[in-house]
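**Student:** Would you mind keeping the following structure in view while I ask a few things?
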Amino acid sequence: MRAIERAWYRPYGWTLALLPLTGVFYAIARVRRWALCRRYNQRQFPVPVVVVGNIAVGGTGKTPLIIALVEQLRARGYRPGVVSRGYGGSGNRQPLVVTADTAVEIAGDEAVVVVRATNCPVVICADRCRAIAELLKSGDCDLVLSDDGLQHYRMYRDMEVAVVDGARGFGNGFCLPAGPLREPVARLRSVDAVIINGEMARARTVWPGSLAIQVRPARFRHLASGKVCSPGQWALTKTVHAMAGIGNPQRFADTLAELGFSATLQTFPDHYKFRREDFQFADGAPVIVTSKDAVKCEAFVDHHIWVLEVTTEVPESLLNDIEKLSNKIDYKSKVAN
């Protein structure tokens, strides 16, 4: 974790000296939101759009939630599609339909993880409005999930879901650059659902009335062979290396510790492009990575690398609210602008 991030999550970190700049950031963010909402607020799409985002920088568990929502909405008879900015990829200037074979360097890690996990239509573009238009043109889709984009106010949304890291909360509570927030905590009053990635008791502390999700370890997958085993079937040494280029690597380390592993954690910036040299360890111990990082390691598959795959429990009430939204509005009468 970078020094500035560590300071954000301390009550009196050195970043409080940046509060004057935070005031400027906050003013600009408010004006921007007002202007974009006023200009684009009525430009609805012909299908419901549900944004799954956050108000803090760094990982909160949005992508595992998106994957779970796709699977469980599909089980209810919906045909969901996903749009994403394609962060970390070079192909997001124009709308791009992502497939399981699309290179991570082009689509970014998160989009590739989603399409491989769900096999649902996925389109990336820095302009999510154009991404949605392409998704509806090219895919059999009756509901759109936006992976992030809470602050992408050019995009009309029918429902906003904000995901909060239950362990880290809102840090020192300040907006950038003095704190980790893209928008003030008060922004959560206007969203439709606040989801805490963590225990329910913590959820009530962080934001009253919120719901909790549990991202749980499901299995280990050997990257080279595809062999899988449950955490209880792990037969190798539990003294391992853990590699993480995600927003909150400590959550990954904590999960391994809960499974009884003694892991030496090496952290990298979010969306880091791994190199073969990063995996050169003399002891020959297993190396465990996340699903998000695994898609960036396939070019130099090493027999020591294992992937920890997770599953997410989605609150039934959230699924019901999305279903009510879809049933409530006659989208066939809408015309996308």
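**Student:** Out of S291, S317, which single residue is touching a residue at least 24 places away in the same chain (Cβ under 8 Å), small (G, A, S) and under 30 Å from G209 (Cβ atoms)?
**Tutor:** Testing whether each residue is touching a residue at least 24 places away in the same chain (Cβ under 8 Å), small (G, A, S) and under 30 Å from G209 (Cβ atoms) leaves just S317.
**Student:** Related question: Which of the residues that make up the stretch 222-256 are outside any loop (DSSP other than H, G, I, E, B), open to solvent by less than 60 Å² (accessible area, probe 1.4 Å) and not β-branched (V, I, T)?
**Tutor:** H222, C229, P231, H241, A242, M243, A244, P249, F252, A253, L256
**Student:** To continue, here is another question. When the stretch 182-191 is examined, which residues are found to be part of a loop (DSSP other than H, G, I, E, B) and farther than 14 Å from G171 by Cα?
**Tutor:** Residue satisfying the conditions is V191 alone.
**Student:** Pairs needed: first member in the stretch 133-149, farther than 13 Å from I66 by Cα; second member anywhere, assigned to a strand (DSSP E or B) and open to solvent by 40 Å² or more (accessible area, probe 1.4 Å); C-beta distance under 6 Å; at least 6 residues apart or different chains.
**Tutor:** Qualifying pairs under 6 Å: S138/V97.
**Student:** Next question, about the same structure. Let me spell it out: the conditions are (1) buried (at least 24 other Cβ atoms within 10 Å of the Cβ); (2) more than 14 Å from A131 (Cβ to Cβ); (3) of a type in the set (A, V, I, L, M), and V51 meets all of them except one. Which number is the exception?
**Tutor:** (2)
**Student:** Hey, another quick one. Check the stretch 204-211 and report whether any residue there is more than 16 Å from the chain's Cα centre (by Cα), modelled with pLDDT of 95 or more and surrounded by 15 or more Cβ atoms within 10 Å (Cβ to Cβ).
**Tutor:** Scanning the stretch 204-211 turns up no residue that is more than 16 Å from the chain's Cα centre (by Cα), modelled with pLDDT of 95 or more and surrounded by 15 or more Cβ atoms within 10 Å (Cβ to Cβ).
**Student:** Please enumerate the residues belonging to the stretch 270-306 that are within 17 Å of G247 (Cα to Cα) and at pLDDT 90 or above.
**Tutor:** Y272, K273, F274, I288, V289, T290, S291, K292, D293, A294, V295, K296
**Student:** For the stretch 1-47, which positions are without any contact (Cβ under 8 Å) to a residue 40 or more places away in the chain, within 21 Å of R187 (Cα to Cα) and either open to solvent by less than 50 Å² (accessible area, probe 1.4 Å) or of a type in the set (A, V, I, L, M) (or both)?
**Tutor:** G23, V24, A27, I28, V31, A35 - these are the residues of the stretch 1-47 that are without any contact (Cβ under 8 Å) to a residue 40 or more places away in the chain, within 21 Å of R187 (Cα to Cα) and either open to solvent by less than 50 Å² (accessible area, probe 1.4 Å) or of a type in the set (A, V, I, L, M) (or both).
**Student:** Let me ask you something else. Of the numbered conditions (1) assigned to a strand (DSSP E or B); (2) farther than 24 Å from A107 by Cα; (3) of a type in the set (A, V, I, L, M), L308 fails exactly one; give the number of that condition.
**Tutor:** (2)
**Student:** Moving on. Please state which one of T255, T239, T264 is among the polar types (S, T, N, Q), modelled with pLDDT of 90 or more and within 20 Å of the chain's Cα centre (by Cα).
**Tutor:** Only one candidate qualifies: T255.
**Student:** Report yes if A218 is among the small types (G, A, S), at pLDDT 95 or above, open to solvent by less than 40 Å² (accessible area, probe 1.4 Å) and more than 19 Å from L318 (Cα to Cα), otherwise no.
**Tutor:** Spelling it out, it is not the case that A218 is among the small types (G, A, S), at pLDDT 95 or above, open to solvent by less than 40 Å² (accessible area, probe 1.4 Å) and more than 19 Å from L318 (Cα to Cα).
**Student:** Conditions first: (1) open to solvent by 20 Å² or more (accessible area, probe 1.4 Å); (2) not in a helix (DSSP H, G or I). V194 passes all but one, so which condition is the exception?
**Tutor:** (1)
The values are calculated or read from the model by the stated rules, or taken from the named source; none is laboratory data. The shown structure was predicted, so the numbers you read here are calculated from the model rather than taken from an experiment. Positions of Cβ are backbone-derived with ideal geometry, glycine not excepted, and every protein chain shown enters the neighbour counts. Just so you know, the surface numbers come from the protein's heavy atoms only, side chains and all, with ligands and any DNA or RNA stripped out. Shrake-Rupley method; radii C 1.70, N 1.55, O 1.52, S 1.80 Å.
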